[in-house]
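Asks: Take a look at this one; I'll ask things after.
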Amino acid sequence: MNYFTTYANLGVVVLWAGVVACSGSETTTRNRPHSNSGDSTAAGDTDVGGDSLAGDFEGAFADYDTNPDNLALRGACPFDAKIGAFKVEMNEDVGYTAVDGVVKDGLVPGQVPEVAVVEGDCQLLRRRRLVCDPSCGSGFTCGFAESCVPMPVGQNQGHITLRGLVQPLGLDPIQPGNSYFYTRLPHPGFAVDNVIQLTSTPGYFGTLEMYGIGVTKLEPTESKWVVTEGEALAVHWTAPPAGARSTVY
């Protein structure tokens, strides 16, 4: 049986720090580059999701190293520990840049994939299928033991400030759900190799300090991918410039 999927040209920056993405982390953990160099953009008069203006953020984390070569990212959390994330997504086909994030108070079991096949260092993951009988009511979800557990919910992580984008941005949690979302950045919203910093006022995980690096967009060379049972799938894309920091997974 054959399947195919179409796609958009994407550039996604995921901001890394254990304090928000992984459960069981110390709230004082930092992943900050050590340097006295300052940010190239100011943090005042920021357009916020609610059409209000963010202030100076009281100078918190005002200086950070904007040299990507000095930044060691911690990488992704294991799926069985991930309870939240912040990302900046740039879609070239549609022509928008969006910021999206949430911090929850627990793990959503159905979002933890199963490992279907392992070959060398590679894993093929598949969606986990959990069935509870009787089905779970409102505010609950099916747990790993296929019994209903409380559905994790978004938590207030305070006021979020992002620097290193095309303009500094301040966001407050959107209700209901305490999500962080913004789609009105000028496009493109970040430059390749720009160091993007996210900080927060005290919230559910204390104060956050997270970093990402502007990636080169992923440009596949095929108009579609065809998957045929029993046959290997070759995926090709345009090589990024030398020194680019991108991960395909």
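Asks: For the stretch 107-119, give me the residue count where each residue is assigned to a loop (DSSP other than H, G, I, E, B) and open to solvent by 70 Å² or more (accessible area, probe 1.4 Å).
Replies: Step one: list which residues in the stretch 107-119 are assigned to a loop (DSSP other than H, G, I, E, B), which gives 107-108, 112-113.
In the following step, the residues that additionally are open to solvent by 70 Å² or more (accessible area, probe 1.4 Å) were identified as none.
Counting residues in the stretch 107-119 that are assigned to a loop (DSSP other than H, G, I, E, B) and open to solvent by 70 Å² or more (accessible area, probe 1.4 Å) gives 0.
Asks: Select from the stretch 77-87 the residues that are out of contact with any Leu (no Cβ under 7 Å at 6 or more places or on another chain) and open to solvent by less than 70 Å² (accessible area, probe 1.4 Å) and list them in ascending order.
Replies: Hits for the stretch 77-87 are CYS77, ALA81, GLY84, ALA85.
Asks: For the structure I just gave you, tell me whether GLY177 is in contact (Cβ under 8 Å) with a residue 24 or more places away in the chain, touching a Leu at 6+ places or on another chain (Cβ under 7 Å) and in a loop (DSSP other than H, G, I, E, B). Break it down stepwise before answering.
Replies: Working: in contact (Cβ under 8 Å) with a residue 24 or more places away in the chain: yes; touching a Leu at 6+ places or on another chain (Cβ under 7 Å): no; in a loop (DSSP other than H, G, I, E, B): yes.
Against the criterion (in contact (Cβ under 8 Å) with a residue 24 or more places away in the chain, touching a Leu at 6+ places or on another chain (Cβ under 7 Å) and in a loop (DSSP other than H, G, I, E, B)), GLY177 does not qualify.
Asks: Let me ask something else about it. Of a type in the set (A, V, I, L, M) and either open to solvent by 90 Å² or more (accessible area, probe 1.4 Å) or more than 24 Å from ALA85 (Cβ to Cβ) (or both): does that describe ALA232? So that I can check it myself, show each step before the final result.
Replies: Details: of a type in the set (A, V, I, L, M): yes; either open to solvent by 90 Å² or more (accessible area, probe 1.4 Å) or more than 24 Å from ALA85 (Cβ to Cβ) (or both): yes.
Yes, satisfied.
Asks: Next question, about the same structure. Tell me, which residue of the stretch 128-168 that is within 16 Å of the chain's Cα centre (by Cα), among the aliphatic types (A, V, I, L, M) and not in a loop (DSSP other than H, G, I, E, B) is farthest from GLY214 (Cα to Cα)?
Replies: That would be ILE160.
Asks: Exactly one condition in (1) among the acidic types (Asp, Glu); (2) in contact with a Leu (Cβ under 9 Å, 6 or more places away or on another chain); (3) more than 17 Å from VAL88 (Cβ to Cβ) is false for GLU209; which is it?
Replies: So GLU209 meets the others, but not (3).
Asks: Let me ask something else about it. Please verify whether the stretch 206-222 includes one or more residues that are under 30 Å from GLY177 (Cα atoms), under 20 Å from the mean Cα position of the chain (by Cα), in contact (Cβ under 8 Å) with a residue 12 or more places away in the chain and open to solvent by 30 Å² or more (accessible area, probe 1.4 Å). Break it down into steps so the answer makes sense when it comes.
Replies: Initially, the stretch 206-222 is screened for residues under 30 Å from GLY177 (Cα atoms), giving 206-215.
Cutting the leftovers down to under 20 Å from the mean Cα position of the chain (by Cα) gives us 206-215.
Applying the additional criterion that residues be in contact (Cβ under 8 Å) with a residue 12 or more places away in the chain yields 206-215.
From what is left, the residues that are open to solvent by 30 Å² or more (accessible area, probe 1.4 Å) are 207.
The answer is yes; a qualifying residue exists.
The values are calculated or read from the model by the stated rules, or taken from the named source; none is laboratory data. Keep in mind that this is a model prediction, so the values were computed, not measured. Note that we place each Cβ from the backbone using ideal geometry, even for glycine, and neighbour counts take in every protein chain shown. Side chains are part of the model used for accessible areas, which takes the heavy atoms of the whole protein and leaves out ligands, DNA and RNA. Shrake-Rupley method; radii C 1.70, N 1.55, O 1.52, S 1.80 Å.
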